[in-house]
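Notes for the one structure printed next.
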Amino acid sequence: EQEEESVERSSKTRSLEQKPKASIRRLLRLVNHQHTRAVIDEIEQIAQELGDLSGIKDGQWPFVNIRDVRLLRCLLKAGLNPEITDDNNQTLLWQCASSAPCVNLLLKRGVDLERRSDDGETAFVRSMYAESIPAVKRLIEAGANPTVRLRWHITHKLEHNKKLAQIVVVARVQWRRK
């Protein structure tokens, strides 16, 4: 009996110690989850084990909102293309548009500010939708076109967020003066 218990315990210990093998599929699944510290730790580990994420192609990347600069930095460091798009042609910049630190990191990588999704949205439009005033300001500073056509859901946000509306109006006036 003692021998059986010992074997059972050692097999349980081994199964607890064994982690699933690092794979692009597993990484993408984790990226698609809530970005808690534990999930980001696991993503960092997988990215490090894989070594190169440059093989992830446009359309393979999931539709996610990335707000954590540590997560973004780890993905970029592992070779993720900063211009990658999801299956709706939304760029990584678009996906990060609610986080000024993430926007800033991507701008340092030279991403295209005016690249549009299949819905015709730029990262600037997405940042307005997210009502992220710091990201909106950063994108304007970087040269994003504030005169882009806005759909009703964005104009609705501007009607209810006067501070955001004021920033956009001023940016549009200054853009026209250039």
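The values are calculated or read from the model by the stated rules, or taken from the named source; none is laboratory data. This is a predicted model, so every value here is computed, not measured. All Cβ positions, even for glycine, are placed from backbone atoms using ideal geometry, and neighbour counts span all protein chains on display. We work out accessible area using only protein heavy atoms, side chains counted, and drop any ligands, DNA or RNA first. Shrake-Rupley method; radii C 1.70, N 1.55, O 1.52, S 1.80 Å.
Annotations
- Using alpha carbons only: equivalent-ellipsoid semi-axes of the stretch 13-112, gyration tensor based, whole Å: 24, 14, 12
- Whole-number D in µm²/s for the chain (Stokes-Einstein; Kirkwood sum over Cα pairs; 4 °C, 1.567 mPa s): 72
- Residues in the chain average 60 Å² of solvent-accessible surface per residue, probe 1.4 Å, ligands and nucleic acids excluded.
- Cysteines not pairable in the chain (beta carbon separation under 4.7 Å absent): C74
- Pairs from K77/K162; K108/K163; K57/K163 whose Cα-Cα separation, in the structure shown, is over 31 Å: K77/K162; K57/K163
- Karplus 3J(HN,Hα) series, Hz, for the stretch 69-86 with 6.51 cos²θ - 1.76 cosθ + 1.60 (x for Gly, Pro): 5, 4, 4, 4, 4, 5, 5, 5, 4, 7, x, 4, 5, x, 9, 4, 10, 7
- Under the combined filter of DSSP loop state and at most 15 neighbouring Cβ atoms within 10 Å, the stretch 65-160 retains none of its chymotrypsin sites (Phe, Trp or Tyr not before Pro).
- Working note: Karplus 6.51/-1.76/1.60 with θ = phi - 60° gives the stretch 27-33 the couplings 4, 5, 4, 5, 4, 7, 9 Hz, where Gly and Pro are set to x.
- Taking Cβ atoms as reference points and 14 Å as the exclusive limit, the residues near F124 contribute a net charge of +3, counting Lys and Arg as +1 and Asp and Glu as -1.
- Between 0 and 90°, nearest 10: helix 37-50 axis offset from the chain longest Cα axis: 80
- Rounded percent of accessible protein surface that carbon and sulfur make up, the chain, 1.4 Å probe: 47
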